[in-house]
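Step one of this worksheet: look at the structure below.
Rule-based calculations on the coordinates, nothing more; no lab input. These numbers were taken from a predicted model, which means no experiment stands behind them. With ideal geometry, Cβ positions are generated from the backbone for all residues, glycine too; neighbour counts draw on all protein chains shown.
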Amino acid sequence: MAGGGDPRVLSTRHLLLLLATLPLATPGINRSAAAWTQEKNYHQPAILNSSSLQQVAEGTSISGMWQHDLRPLLIERYPGSPGSYAVRQHIMQRIQRLQADWVLEVDTFLGQTPYGYRSFSNIISTLNPAARRHLVLACHYDSKFFHHWDNRVFVGATDSAVPCAMMLELARALDKQLLSLKNASDSKPDLSLQLIFFDGEEAFLHWSPQDSLYGSRHLAAKMASTPHPPGARDTNQLHGMVSLGSIRGAAAAGAASQEAKTKAN
């Protein structure tokens, strides 16, 4: 894999290794003995030997990611703009090309901004919608709104076109493995990968609780009000969520459990 020392290459490799070492099944555990909300406590990491690690790393193509995933994202794409629509279509088309047959959902809504109501659309891609639990990788695909100056526009390459491209490349690189896992006769609809591309993360004027995170706030409220599994009375789609966030790399990563809050919803 070319460019092995490039931080962007290493970040992509780390994402791939994350999925490779977090199995979507929990071997050796009697699932019937534990509530589904507690199954996350029984996961054991898979130990990959050198050849397995090499196979995972060689499945990525940084040049392919640049050409097919990233370049189409490097346009002005603030919420409601023509660029936002084009990027949204690009992301969905790249996912629809995969053999693993991801299920796409678009969460579209109107939100009040300093410039009036704007349309926002989150993209949710789920490998196995029947699964009760999800391992979610998420980023935002919008760029920050700036008034044009000297015919220049802001494209937000690092924040956050590159993470979007990395997630698309991840899904492509693991496509055959995910398809095989999905079709395995002993595979259980217990834990599924989910990719979320948020709209409206950036503030239109100045960052504040009202002017920021439009897409994630809307989807969180929607998930908190949605019983999960369907018909449940005391759990919702945010039940027991643990969030691991990193915008500047592993050194800046932080984890926060929302379990106490989501149980009350």
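See the values below:
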quantity: Under-5 Å amide H pairs with residue 48, H placed in peptide plane, nonlocal only; calculated: none
quantity: The stretch 96-113 - phi-based ³J(HN,Hα) in whole Hz, Karplus 6.51/-1.76/1.60, Gly and Pro as x; calculated: 5, 6, 6, 6, 5, 6, 5, 9, 9, 9, 10, 9, 9, 7, 9, x, 7, 10
quantity: Whole-number D in µm²/s for the stretch 61-224 (Stokes-Einstein; Kirkwood sum over Cα pairs; 25 °C, 0.890 mPa s); calculated: 148 µm²/s
quantity: Amide H contacts under 5 Å for residue 193, placed H, 5+ residues apart; calculated: 127, 128, 135
quantity: 3J(HN,Hα) from dihedral phi, the stretch 216-233, Karplus parametrisation 6.51/-1.76/1.60, rounded to Hz, x for glycine, proline; calculated: 5, 5, 5, 5, 4, 5, 5, 5, 5, 9, 9, x, 8, x, x, x, 5, 9
quantity: Cα→Cβ-extended label distance, 7 Å offset, between residue 153 and residue 86, nm; calculated: 0.6 nm
quantity: Beta bridges per DSSP with both ends in the stretch 61-224, % antiparallel, nearest 5; calculated: 65 percent
quantity: Within-12-Å neighbourhood charge of residue 217 [Cβ basis; K, R +1; D, E -1]; calculated: -3
quantity: Straight-distance crosslink candidates among aspartates and glutamates, where the alpha carbon sits under 16 Å from residue 40 and sequence neighbours closer than 8 are dropped; calculated: 190, 259
quantity: Exposure proxy ranking, count of Cβ atoms within 10 Å, fewest first, for 117, 141, 78; calculated: 117, 78, 141
quantity: Whole-Hz couplings from phi, Karplus 6.51/-1.76/1.60, listed for the stretch 38-43; x for Gly and Pro; calculated: 9, 5, 4, 7, 10, 5
quantity: Amide H within-cut-off set for residue 235, under 5 Å, with H built and near neighbours excluded; calculated: 228
